[in-house]
Amino acid sequence: MKSYLELKDYSIIEMDVPKHWIGNSLTELNLRRKLGLNIIAIKNSGSVNVSLSQRSILERMM
C-alpha cells in the first residue's frame, strides 16, 4: 500500500497492481463483487486516468 485516506464510511488506498491482476480488464477481475472494491482511478507513468471503463486493462506500474 502506497498511501491511505480514511473517511467516515470508506477508505481510499493507492496501491501497486497485484501481479495476478496485470493484463486483466476490470470486467474480468470483477473486484466489486469479489472484494467490495471500486477502482476510481488508474495511475501509470505519472498520468492519472479517472475515466475508466469496464474494458480498462490493468498494467504493471511504470
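If you check residue 22 against the conditions, is it within 18 Å of residue 2 (Cα to Cα) and either polar (S, T, N, Q) or within 9 Å of the chain's Cα centre (by Cα) (or both)? Considered against the rule, which asks whether it is within 18 Å of residue 2 (Cα to Cα) and either polar (S, T, N, Q) or within 9 Å of the chain's Cα centre (by Cα) (or both), residue 22 comes out as no.
Cβ separations smaller than 9 Å between residues 6+ apart or across chains give the following pairs from the range 43-62 residues that are charged (D, E, K, R) to residues that are open to solvent by 60 Å² or more (accessible area, probe 1.4 Å) and not in a strand (DSSP E or B): 55/27; 59/22; 60/16; 60/19; 60/22. Contact annotation: residue pairs with Cβ atoms under 7 Å, 6 or more positions apart or on different chains, pairing a residue in the range 5-20 that is of a type in the set (S, T, N, Q) with a partner that is surrounded by fewer than 10 Cβ atoms within 10 Å (Cβ to Cβ), are 11/5. Within the range 27-38, can one find any residue that is in contact with a strand residue (DSSP E or B) (Cβ under 7 Å, 6 or more places away or on another chain) and open to solvent by less than 70 Å² (accessible area, probe 1.4 Å)? Checking the range 27-38: not a single residue is in contact with a strand residue (DSSP E or B) (Cβ under 7 Å, 6 or more places away or on another chain) and open to solvent by less than 70 Å² (accessible area, probe 1.4 Å).
The values are calculated or read from the model by the stated rules, or taken from the named source; none is laboratory data. None of these values were measured; they are calculated from a predicted model. Cβ coordinates were reconstructed from backbone atoms using ideal geometry, including for glycine residues, and neighbour counts include every protein chain displayed. Note: areas computed on protein heavy atoms with side chains; ligands, DNA, RNA excluded. Shrake-Rupley method; radii C 1.70, N 1.55, O 1.52, S 1.80 Å.
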